[in-house]
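J.: Following this message is one structure expressed as C-alpha cells.
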Amino acid sequence: MSSPLILLPGDEVPTDYLPSNGSAPLRLGPGLRLLSQAHPTPASTSKHVLTATQAGILSTDNKRNAVSILSSSNRRYIPTPNDLVIAQVHHSSVDYFYCMITPQSPHAVLGQLSFEGATKKTRPMLRGGDLVYARVLSTGLGAGAEVELACVNLATGKSEPGGLGPLNGGMVFDISTGMAARLIRASSASAEQQQVAGLVVLDELGKKLEKAGGFEIAVGRNGKVWVDCSNSEDHAVRTTVAIGRCLTTIDEHNLNPTDQRKLVTRVLREMKIES
Amino acid sequence: MASSAAVSTAPPALSLPPSQFARLQPHAYLLAHLSPPASSQQPSIRANGRAPSQFRVTSTNTGSLTHTNGSSVVRLGDTTAVCGIKAEILHTEDIASWSVSHSSSSSTPNKRRKLTNPTEKPGEDRQDGSDEVEDDDSYIEDFSLLVPNLSLSTGCAPGFIPGAPPSALAQSLSHRVLSLLHSSRLVRSEDLEIWYQRPNLGPEELERHNEDEQMDVDVEQDGSGSVGETREIKAFWVLYIDIMIISLAGNPFDAAWTAVLAALRDTKLPRAWWHADNETVICSDLVSEARRLSLRGLPVASSFRVFEADAASGWRAVIVPDAEEERKIAESDRKGIQRRWVLADPDGYEEGLAQERVCLVIDKDQRQNGKVVIVKMEKNGGFAVDRKELKELVAVSAQRWEEINKILGQC
Amino acid sequence: MGGPTASLHPLSRADGSASYRCPATGSNVLGSVNAPIELPGRRDALKPEDATIEVFVKPGTAPGGVGERHIEGILRDALSRIILGREKGYPRRGVVITLAIVGGDSIGRGASYLPILPALLHTSILALLSASVPLSMSISATILAVDSSGKIIREPSSADAAATASLHVLAFTSKGHLLLNESEGAFNFDTWERVYERALTICHGTSALGSDGDVAMTETVDSQPLEGLVRDTVEDRIHVEYAWKIDAA
Amino acid sequence: MTDRRRINGPPGGTRPPVFASSIKPTTVAAERPQRQRQPNELRKIFLKTGLIPSASGSSYLEFEPSASLSAARASPQSVIPPSSSLKLACTVHGPKPLARSATFSPNLVLTTHVKYAPFAARQRKGHIRDASERDLGVHLETALRGAIVAERWPKSGLDITITVLEAEDDRWWADAPDSHDAAWGMMNVLAGCITAASAAIADARIDCLDLVAGGVAAVVADETAERGVSAPRLMLDTDPADHRSTLSACVVAYMPARDEITELWLKGDISKASVGIDDKNLTHEALIDGAVDAARGAHSVLAEAVRESAERFAGLSSGKST
C-alpha cells in the first residue's frame, strides 16, 4: 500500500486497504458510505461494501481504526461543531456579537458572555472589525439556522483549548481550508503528526525565529491564519509578513517538506530577517 | 416516511378509507395495487384500474373551433389538450436573411439538408434535383415557419399560476413539440410556400400552374428547370400552433402532441397567390380551393414512467447492482417478486411517484409494410430501463400507434 | 483531431468548477457547482429530506430561451439520480449547477440540443466531483450519429450532425447502467442497439462488458474510454493538491 | 420584442391573410348573417360542470352556433366563418391558504383571470393579457363578489381562471371596422364568463347567496330590403355579427332569487335612437330589463348544471361511505 489509492464516487474500497485492527469497530470518515446488499445473490460474497461518495485519496488511520476520503482541499468552509475558527465581529447587540466566519455565509452569533471569566461588567468590549478565536458551538438545523460560537468551554468556564478569545494585534492571512486543517494537525505538537500533515514550515520558522522573539499563531478551520510577532520589536511587521508569505506560498504551490525548508530560508533572507 | 413499514402491512385491514390512504401513503398505495399478495390471485393492476401497459381512453375531435385553420380537442383520460392552428403570411421581403441567392430563379436553395431515406446513399442526393426539392425543409427551420406554444396557465391544475409566464415545464414541452416537428419533418416546406409566376404566361395558365403546384405535392417538380426562370417564392405560410392544456392529469406531452397531430391533419390553407399590382398576397376564400397539408407520416408519442417498489432506496443505502448484475436480477424477477413496473401513459398521481421516464415517438412506414421507424427515443432519470426494456416498449408503442391511427382516422 | 480535454477547479470562488472541451463536436463548456447552499425564498418548495437540485444553462452568445429550460430539465433529472441529496448537510439545501457554453456553435431556435449534451453532462459531473458533492456513482456520455448508409460517426461536428439520419446521446453510469438516452431522427431498433454497443465501448472501453469478444475490434478506433478521462482529470488534480502527502508516502 | 419564455415567430412579423372577397365584397356570396330567432328568444347554452378533475370546481360553456354558422359548417363554401359562438372553460382552485406575503384578510380573496386563447378570435391574440382581457377579469370579479359568502372563508384565496377558446365577433367581419364601434362581442363573453364561473364555484362547493347568471340585451338596427336601415329594436342575447349596427348593449350579472344585480355594464348611446322614433320604451331601463330577462334564461341552464354537479357529489360521497 505504498501508492495512494484514489477513489471516485461509486468505487468500492478494496478490503486489503482497510485497517486490520482486529475487533475494534471501523470508523467511517467523510466521503464514504456503507452499502448493504438489497437483493442477495448467491454470487456475492459479502453482504456489505464500502463505497466512496466523493473523489479523493483513501486515508486510513490504523491506530484509530478509521478510514476516510481526503477530497479536494480547497473547499468552502461549512461550520461544524467543535471547529476552531477565526471570526471577525461585524456588529453587536445587547446579548450577542454578530461575527463573520466566511464572507458568503450569514453571520454567526457569539454570546457577549461566552468568554473566559466574563460577567456583565467584565465582558470584552469588541467593536466591528475585531477578531476572535472561537469554537463552533452548534450549527442549528434546517434552513436559516444560526451558527453559534463560543470562546469558552461552557462546562468548565475556561477558554479551552487555550488561546480562545479576542485576538489583538497581528495579521490574518487567507489560506485554503485544506491547509488550515493540516496546520491545525501540525501545530498540535508531536513530530510524528507533522509527518502526517507533511508540514515542516512551522517547525522551521520556529527554529529560525527563536532568537528574534518567536511568534504566535492561531489557525481557524475557516481558512484563516492569524500571526503575531509583537515580541520581535522593530522587526514585528516584517516578520509577520514573512510568515504569512511562507504559509500562503506553501498552500498555493503544494510544496513538499524539502521545498518548504528552502522557501523559509529564501523568504527570510529576502526580507532581511536575521536567523 | 414509514413507507417501507407500510409495504408489508398495506393490503389487509385498512382503517383508513382508500382515498385517504392514497394521499397519506401514495407509494405504498400504488405498490399494494401493483403487487397483490400471491394468495389473492389478483392480477397486478394500477391504482387507476389500468394494466401497466394500458393507455387511457383517448378521444379526439377536430375542426370545432371557428377561427382556426385547423383545430383539435384531445382527451387522454382526464388530461385535455386543445390545439388551434392559425396560419399567417410571411412575405419574403420581411425576411432579413432572404438574400439574393434565395430570390433568384433557382428553386433549389443550396442549403444543408437532412436525409431521412435510409436507403439513399450519401452524396447521391446532390445530383438529383427533384428529390432534393421534396426533401428540403430547411425553410421551415430557418424562417421559423412553425410556431408551437403550449400553455399551462389555464387553471389546468393547482400550482400553475394563471397569468404567470410559462413555467419551466410549459417551456420544455413547447420546445419538445417544436423540436419534434423539426426532426420528424412532419410538415412539408413546399406546402407552406407561396409562389409567384411572372406573367409571361397567361393569367389562366398561371392559375392552373399554381394549382398543380399546390395540389399535387407528389408530382416531381421537374418543370422547375424550364419555367424556373420566372418563378419565385414570394411568401410563406407561418403556422401558429397553440396548445392549451385545459385539464392536466398527467402525461401532457402525449396529449399535446396528439392534439398537434390531429390539428395539423385538420388544417386547411386557402389558395394564395401574389398580387403583383397590390404587392401583396391574396387568398381565395373558397373552401373548394383550399387544400390540406400533406403530412409526412404519423409519428405517435407514447410516454412511460418507471415505478420502483423500493421507495426507500434513497434512504437506505443499498448496493446499486451494476448493469451486468442487474440483468441477472431481472431474470430472477420473473419467478419471484417484481421490483419495478413500467407504467404506460402515467396519470398525475403516478408521475409524482416515479422518477424515471421514457418517451418514444414512432411511426410506421406505409411504403415498407408498416415497418416501425423510431423518430425519437428519450429515457432519463433512472437505471431500470435498459436495452431489453426499451425493446419491449418499442413494441408497446407500435401497438399504441395502431390505436391512435384508428382514432385519428375516425375524425 | 485530439480527444476531449477537461480541467478541474478553474474558478476559485465557486465550491466546485470544471471546464470541458471536445474539439470534435466543437463544444466548450465551463461549469460551476455551489453546494450545499441555502436557497432563501424557496422554503416552501424545498424538500424536507432531500437536496434541491437546480441547473442553469447559459448559452454563449444568444440570450437563453425555451431550449435551455428543456435541457436544464434533462440535466436535472439525470444528475438528481446520482447526487446523494440525503447525505449530511444537504437536505433542505440546494445544489446549484451553472453551465456556461463558452464556445462552439450557438444552438438556434428549436434546434437540437443533443450535440452539446455530452459536454454539459461531463462538465456537470466534473464540477460536482470538484465540489465534493456526495455522489452514488460517476457518469460518462457520448454522442453518435448514424448517417443514411448506417455508418456510425462518433462525436460528429455540427455540420455532420445536421446531415445525418439520426443522432443519439447516451450516458452511462460508472457501473454500466444506461442513465440517459436521447435519440432523434429516423432509425430502427437494430440501429440503436449497434449505437448502444459502440457508445458503451466509447464510455467504458471493452473491459466493462467484454463478454462477447467481438467488440475488441473497435478498441483501436476509440482510443481512451471517456470514463477514463473523468477519472484521469480528477486524479491529476488530486495528485497536485496532495503532492505533499503522496511524495511523503 | 422576443419573448424568451415562448417560441417566437419570424422576427420580421407576419400578416394575417387578406382574402380576395374582402377587397371586392361582391364577388363571393358574402351575405350578412341574419338573426333567425325572435327578439326575445335566447340561444341555447351548453353548460357542464366537473370536466376538470384536478380543479376544485370547473365548468365548460358553449353557446349554440347561430343559424348561419351551422349552415356554413354543414356545407362549407367559404373559409371565412360567417360568425362564431362562444366557447370557454372555467376552473376554480381553492379555497386555499393565502400566500405567505399576503396581508391578512377576514374574507375569501377572489382572484379572477380571463384569457383568450391565441386562436379564439378572428385576429390572433397575444400571449400576454391585454387591456380588454384585464377588464373582463375586473368585471367578472365584481359580478361574483356580490354572490359569494366571503366571510365563510377567512384568510383564504379562490382563483377563478377562464380560458376563452372561441370568442364572439364584435361585428360582421366584412363591415369596415369603425373606430367608434365598441367591442360588442366582449359583452357576450362577459355574460358567458359570469354564468360559467357561477357554475364552477357551485361545483367547488363554495357558499353562495344565489347562482348569479349573466345576460345580454342590445338595441340594434338592421338592414332591411325595403328601407335601408330599419328602426332600432331591443333584442335579447344578440350576436353582433347578425346586425348592421349595435347602438347600445348591456350585460348584467343577476341573482333571480334575490332579484339583485351584482354587476351592470352598459355601453353605447340610445338617446339618438329614441329621439328619432316614437317607441318610448327604448330606454336604458328597458335595456337593463331585457338583460335581466336574458340572465333569467341563462339561470335555468345554470341551475340544471349545478343540480347535476350536486347529484354527482352526493353520489360520490355516498359511494365513499359504503
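The values are calculated or read from the model by the stated rules, or taken from the named source; none is laboratory data. All figures in this text were calculated on a predicted structure; none of them were measured in a lab. All Cβ positions, even for glycine, are placed from backbone atoms using ideal geometry, and neighbour counts span all protein chains on display.
J.: Considering segment C:31-72 alone, what residues qualify as being more than 10 Å from every other protein chain (Cβ to nearest Cβ), of a type in the set (A, V, I, L, M) and closer than 24 Å to residue C:10 by Cα?
T.: C:33, C:53, C:55, C:57
J.: I would also like to ask the following. Taking the stated definitions as given, is residue D:163 under 22 Å from residue D:111 (Cα atoms), modelled with pLDDT of 90 or more and within 14 Å of chain B (Cβ to nearest Cβ)? Can you show your working first?
T.: Numbers: under 22 Å from residue D:111 (Cα atoms): yes; modelled with pLDDT of 90 or more: yes; within 14 Å of chain B (Cβ to nearest Cβ): yes.
Considered against the rule, which asks whether it is under 22 Å from residue D:111 (Cα atoms), modelled with pLDDT of 90 or more and within 14 Å of chain B (Cβ to nearest Cβ), residue D:163 comes out as yes.
J.: To continue, here is another question. Would you tally the residues in segment B:397-410 being of a type in the set (A, V, I, L, M, F, W, C) and buried (at least 20 other Cβ atoms within 10 Å of the Cβ)? Lay out the reasoning, then the answer.
T.: Of the residues in segment B:397-410, the ones of a type in the set (A, V, I, L, M, F, W, C) are B:398, B:401, B:404, B:407-408.
Next, from what is left, pick out any that are buried (at least 20 other Cβ atoms within 10 Å of the Cβ): B:401, B:404, B:408.
The qualifying residues number 3.
J.: Looking only at strands (runs of 3 or more DSSP E) that lie completely in segment A:64-158, which have at least 3 residues being touching a residue at least 24 places away in the same chain (Cβ under 8 Å)?
T.: A:66-70, A:84-92, A:108-111, A:131-138, A:148-150
J.: Here is a follow-up. Residue pairs, Cβ under 8 Å, 6 or more apart or interchain, first in segment D:100-123 and without any contact (Cβ under 8 Å) to a residue 40 or more places away in the chain and within 9 Å of another protein chain (Cβ to nearest Cβ), second of a type in the set (Phe, Trp, Tyr) and surrounded by fewer than 20 Cβ atoms within 10 Å (Cβ to Cβ). List them.
T.: none
J.: What pairs come up if the first residue lies in segment B:165-185 and is more than 8 Å from every other protein chain (Cβ to nearest Cβ), the second is in a helix (DSSP H, G or I) and among the aliphatic types (A, V, I, L, M), and their beta carbons are under 7 Å apart, counting only those six or more places apart or on different chains?
T.: B:173/B:256; B:177/B:256; B:177/B:260
J.: Working carefully through the options C:73, C:26, find the one that is under 21 Å from residue B:357 (Cβ atoms) and not basic (Lys, Arg). I'd like the intermediate steps shown before the answer.
T.: On the way: C:26 fails: under 21 Å from residue B:357 (Cβ atoms).
Residue meeting the stated conditions: C:73.
J.: Counting just the residues of segment C:128-144 that are more than 9 Å from chain A (Cβ to nearest Cβ) and of a type in the set (A, V, I, L, M, F, W, C), which one comes out surrounded by the most Cβ atoms within 10 Å (Cβ to Cβ)? Give the derivation first.
T.: Looking only at segment C:128-144, we keep the residues that are more than 9 Å from chain A (Cβ to nearest Cβ), and these are C:139-144.
Narrowing the set further to residues that are of a type in the set (A, V, I, L, M, F, W, C) leaves C:139, C:141, C:143-144.
Details: C:139: 28, C:141: 25, C:143: 26, C:144: 25.
For segment C:128-144, the residue satisfying everything is C:139.
J.: For segment C:60-72, which positions are crowded, with 20+ Cβ neighbours inside 10 Å and in contact with a strand residue (DSSP E or B) (Cβ under 8 Å, 6 or more places away or on another chain)?
T.: Those that are crowded, with 20+ Cβ neighbours inside 10 Å and in contact with a strand residue (DSSP E or B) (Cβ under 8 Å, 6 or more places away or on another chain): C:68, C:71, C:72.
J.: For segment B:377-392, enumerate the residues that are crowded, with 22+ Cβ neighbours inside 10 Å and either touching a residue at least 60 places away in the same chain (Cβ under 8 Å) or of a type in the set (Gly, Ala, Ser) (or both).
T.: B:381, B:382, B:383, B:384, B:385
J.: Would you be able to tell me the number of residues in segment C:78-101 that are touching a residue at least 40 places away in the same chain (Cβ under 8 Å), over 16 Å from residue C:122 (Cβ atoms) and part of a helix (DSSP H, G or I)?
T.: Qualifying residue count for the region: 0.
J.: So which residues in segment B:369-404 are part of a loop (DSSP other than H, G, I, E, B) and at the interface with another protein chain (Cβ under 7 Å from one of its Cβ atoms), if there are any at all?
T.: B:381, B:382, B:383, B:386
J.: Here's another thing I want to ask about it. Would it be correct to say that residue B:371 is within 16 Å of the chain's Cα centre (by Cα) and either farther than 18 Å from residue B:256 by Cβ or surrounded by fewer than 18 Cβ atoms within 10 Å (Cβ to Cβ) (or both)?
T.: Details: within 16 Å of the chain's Cα centre (by Cα): no; either farther than 18 Å from residue B:256 by Cβ or surrounded by fewer than 18 Cβ atoms within 10 Å (Cβ to Cβ) (or both): yes.
In short, no.
J.: Which of the numbered conditions does residue D:135 fail, given that it passes all the others? Conditions: (1) at pLDDT 90 or above; (2) farther than 16 Å from residue D:189 by Cα; (3) more than 9 Å from chain B (Cβ to nearest Cβ).
T.: For residue D:135, the exception is condition (2).
J.: Among the candidates B:242, B:277, single out the residue that is among the acidic types (Asp, Glu), more than 9 Å from every other protein chain (Cβ to nearest Cβ) and either surrounded by 22 or more Cβ atoms within 10 Å (Cβ to Cβ) or more than 30 Å from residue B:350 (Cα to Cα) (or both).
T.: Step by step, each of B:242, B:277 is checked, and only B:277 is among the acidic types (Asp, Glu), more than 9 Å from every other protein chain (Cβ to nearest Cβ) and either surrounded by 22 or more Cβ atoms within 10 Å (Cβ to Cβ) or more than 30 Å from residue B:350 (Cα to Cα) (or both).
J.: Still on this structure, I have one more. Got at least one residue in segment D:127-134 being under 28 Å from residue B:166 (Cα atoms), of a type outside the set (A, V, I, L, M), assigned to a loop (DSSP other than H, G, I, E, B) and free of Cβ contacts under 8 Å to residues at least 24 places away in the same chain?
T.: Looking for residues that are under 28 Å from residue B:166 (Cα atoms), of a type outside the set (A, V, I, L, M), assigned to a loop (DSSP other than H, G, I, E, B) and free of Cβ contacts under 8 Å to residues at least 24 places away in the same chain, one finds at least one in segment D:127-134, hence yes.
J.: Looking at B:288, B:303, can you tell me which residue is modelled with pLDDT of 70 or more, surrounded by fewer than 20 Cβ atoms within 10 Å (Cβ to Cβ) and not charged (D, E, K, R)? Walk me through it before giving the result.
T.: Numbers: B:303 fails: surrounded by fewer than 20 Cβ atoms within 10 Å (Cβ to Cβ).
When all the criteria are applied, what remains is B:288.
J.: Sticking with this structure for a sec: Within segment C:145-168, track down each residue that is part of a strand (DSSP E or B) and either surrounded by 24 or more Cβ atoms within 10 Å (Cβ to Cβ) or more than 17 Å from the chain's Cα centre (by Cα) (or both).
T.: Passing the criteria: C:145, C:146, C:152, C:153, C:166, C:167, C:168.
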